[in-house]
Amino acid sequence: MSIAALHQVFDETRRLAIAGSNLAAGDFRLKKLIPTLQKSGEKAPVFAKVAEGVERLIDASPKDSASALLDLSSLVMAILYTQGELGGKGPIKPIKTIGIPLTQTQTPARLLKPVIEALTTGGTGRLETIREAHRQGVFQDPRLVNYAITALNDRYGELADLMEKIVGDYGPSIVPLIEETIAIKGKSGDARRLRILHRLAPEKARPIVLDAFENGSKETKLAAVSCLGEEPGDLNLLMQQVESRQREVRELTYNRLALFDQPEVNELLVSRLKEDEAWQVATAMRERHSKSRMKKVIELLNESLSDLQPLLSKSKLSAADKKLVDERINRFLAGWSCFTFRKDAVLQKFAKEILDRWDELLALRGKYSGGSDLIHAIATWSLDNGKPAQVSLIASHHMDAPEELLGLCLQSATQSYPPATVYEEFSPLYRANAGEKASKKQGRKTAREKLEHHRYTELRTAIQHLGRGSLFDEWHPMTETEPAQKKGGVRLDSRWLDDFVEYEDVEMLIHSVSAKDRAALDFLAERVAQNVRDNRIEFEDQWIAFKLSSCNYRKRCDVVTMLLGGLSEERDRIRKRKGYHYFPSVHWITKAVDLFSSNEHKKLQAVLTNIDETLVDELMPYVR
């Protein structure tokens, strides 16, 4: 009861501290507590002191009430602190520490707040916010750890996958926060936690992986399969899943089985190249090389060619024969794709044998594929991995190559021949068809003429891909599997440019011209000027403007201002028409302006006052 009285005195002192100490005079609530405190003071003198302090506060003048209230509240608080309980109920357990090695704790709230909102709410734009935060290192702040782990359950799969990488980067210290939250029957979030746990602490993850493999949901079982393959005992478990009814499980199983270089595994994987999932199996085998497995795949490729051999002598194939051609070619292409990044001698020999059968294999024709597909796959591989003799052999077939192989012949020729020889070998096809277009020849074409026209179209595309600094690089992004020579660009013989100018082939010039080709650049500049004078501006003129700017053409600013003037007049004419007004985009002109020097920007600003306002609005963000 005495301790309860002290708590009441403490509450009253707090009330008076807020309301004002001058209200304590004669306070009836404090008066009621004095007898109880005095009675307790008979046994413990400290309570008598509290009673005296209460009486002093009640009887104090307004001038002394503040000091009396402070003395009383200090005394009561000191007594109550001595009466606090130490320890806790229940057995003592050690506290688990995670020790995340994060030191950046000074991240400002203006950076943390949008990240936390992106991790905990829905809506658009969240993924980009998190990506930017990750690039800036914001996730090194330990205040985001729990939010990051929770975001593994996000319903937006791409965001959750990114968080899997971010959480995994925290390192082994994050394991205690992950391992106890994995639900074997859970969804994608638990599957991501399981993969993270296996990545950071394989030994701790092992029992959970096996449990999920046997009893987990579809998502956690897939995660468990992706974690198997690092222990010898995993082989039997994976072999059981090859016949699974779930396609995703089978595909993951192939990837993990490829880790084992054992006869039964190699036999199984190669046999699956004959079935519907051949390309998925090939992907798994491509990432895990094995010499014994490579030998078996080459045997399969030779077997496929042997099955096709009887069909080469037939003048006409039945529907069943064409189906067989399609199946064997698909099997061959899937098997050969296993060696995309390999340069082994046995592959060099095999590729040479296929190229030696160029004419023979071209005769194959299925319903959807043909021998040209086989040669295309071998030739593409040879451009990156083959010996010079193989590459030269491909180039030598340019005269009789079908349209789908002509581009590879040109690429091979640029690696094997000097630029002058390339021009002499390939330009006749261009000049014959470009001249026909220039003369506007009419009439129906024969099959041979149509074939030559298709070859001409393919040649144009191939030359464009050879051009250095192509205008269309952003439309044709380079990939790792494309020939290496394409990435560096090829310098064409100057006679190509003379031909392009002669036939006024602006598109080819745009792709092929460089800063050194002054005559060709002058031609392009005059082309724009002529179109402006004739009031027939084409979208192609914008490409020319950008190409001139990127080549640092001496009159590039004059060309752009002339083109802007023509476009301004064109927009005035469009406005005078009835109906809906549509103005073509000036995207490529803005890219040209963006390359200007400071003096050219000043020159451009001087003419902006005389052109259409809508054009000015589009250009201003790029004018400095």
- Message: Students often get this wrong: which residues of the range 287-322 have the backbone nitrogen under 20 Å from the point 7 angstrom along Cα-to-C-beta of Arg365?
- Response: 308-322
- Of all the Cα-Cα pairs you can form in the range 568-624, what percent are over 14 Å apart? 57 percent
- Note on the structure: Short to long, in 10 Å steps from zero, the percent of alpha-carbon pairs of the range 291-502 per bin is 8, 30, 33, 21, 7, 1, 0
- Query: Say each of Met239 and Glu275 gets a label point 7 Å from the Cα, pointing the same way as Cα to Cβ; how far apart are those two points in nm?
  - Reply: 1.5 nm
- Query: Here are some pairs, Lys291/Lys323; Lys274/Lys322; Lys274/Lys349; Lys31/Lys89; Lys43/Lys63; which of them have Cα atoms lying more than 26 Å apart in this structure?
  - Reply: Lys291/Lys323; Lys31/Lys89; Lys43/Lys63
- Please say if the range 492-624 is rounded, prolate or oblate, where rounded means a/c under 1.5 for a ≥ b ≥ c the square roots of the C-alpha gyration tensor eigenvalues, and otherwise the choice is prolate for a/b larger than b/c and oblate otherwise? oblate
- What trypsin sites (Lys or Arg not before Pro) does the range 485-577 have in DSSP loop regions with at most 12 other beta carbons within 10 Å? Lys516, Arg536, Arg554, Lys576, Arg577
- Item | Within the chain, helix-based [θ] at 222 nm, where runs of 4 or more DSSP H residues each add -39,500 (n - 2.57), nearest 500 | -20500 deg cm²/dmol
- Between the Cα axis of helix 278-287 and the main Cα principal axis of the chain, the angle (0 to 90°, nearest 10) is 70 degrees
- Give the Kirkwood hydrodynamic radius (Å, one decimal) of the chain, defined as one over the mean of 1/r across all pairs of different Cα atoms. 33.1 Å
- Task: Could you name the lysines whose alpha carbon sits less than 21 Å from that of Lys218, not counting residues in the same chain fewer than 8 places away?
- Result: Lys185, Lys187
- Treat the count of other C-beta atoms within 10 Å as a stand-in for reagent exposure and order Lys32, Lys316 from fewest to most. Lys316, Lys32
- Task: Please give every one of the aspartates and glutamates within straight-line cross-link reach of Lys49, meaning a C-alpha to C-alpha distance under 20 Å, and leave out same-chain neighbours fewer than 8 residues apart.
- Result: Asp11, Glu12, Asp27, Asp59, Asp64, Asp71
- In whole Å, how far is the Cα centre of the range 1-62 from that of the range 123-199? 56 Å
- Message: Can you find, among Ala592, Ser292, Ser65, the residue sitting farthest towards the positive end of the charge dipole of the chain, where Lys and Arg contribute +1 and Asp and Glu -1 at Cβ?
- Response: Ser65
- Say R0 is 22 Å: what FRET efficiency, to the nearest 0.05, do Asp534 and His453 get from their beta-carbon distance? 0.15
- Report the net charge of residues surrounding Asp572, where surrounding means a beta-carbon distance below 13 angstrom and charges are Lys +1, Arg +1, Asp -1, Glu -1. +1
- Can you put Phe500, Phe10 in order of Cβ neighbours within 10 angstrom, beginning with the fewest? Phe10, Phe500
- Charge dipole magnitude, Cβ of K and R +1, D and E -1 - the chain, Cα centre, debye nearest 20: 760 debye
- Projecting the Cα atoms of Ala432, Ala78, Phe28 onto the charge dipole of the chain, where Lys and Arg contribute +1 and Asp and Glu -1 at Cβ, the residue farthest towards the positive end is Phe28
- Note on the structure: With the 8 Å Cα cutoff and a minimum separation of six or more residues, the chain has a relative contact order in percent of 5 percent
- Message: Between Asp64 and Phe341, what is 0.36 nm times their sequence separation minus the Cα-Cα distance? Round to one decimal in nm.
- Response: 90.5 nm
- Report, in whole Å, the centroid distance computed from the Cα atoms of the range 372-388 and the range 572-624. 47 Å
- Item | Cα→Cβ-extended label distance, 7 Å offset, between Gln246 and Glu42, nm | 7.9 nm
- Task: Tell me the label-point distance for the pair Asp169, Arg15, using the 7 Å Cα-to-Cβ offset, in nm and rounded to one decimal.
- Result: 5.8 nm
- If you average the sequence gap of Cα pairs under 8 Å that are 6 or more apart and divide by the length of the range 291-502, what percent do you get for the contact order? 16 percent
- Task: Name the longest site-free stretch of the chain, where the excluded sites are GluC sites (Glu not before Pro) in a DSSP loop with no more than 13 other beta-carbon atoms within 10 Å.
- Result: 276-473
- Task: Give me the net charge of Lys322's neighbourhood, meaning all other residues with Cβ under 14 Å from the Cβ of Lys322; Lys, Arg count +1, Asp, Glu -1.
- Result: +1
- Query: Loop-only check: which trypsin sites (Lys or Arg not before Pro) in the range 378-441 are DSSP coil with at most 16 other Cβ within 10 angstrom?
  - Reply: Lys440, Lys441
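None of the figures in this text is laboratory data; all of them are computed from the coordinates on show. None of these values were measured; they are calculated from a predicted model. Methodologically, a virtual Cβ is constructed for each residue, glycine included, from the backbone with ideal geometry; neighbour enumeration extends over all protein chains shown.
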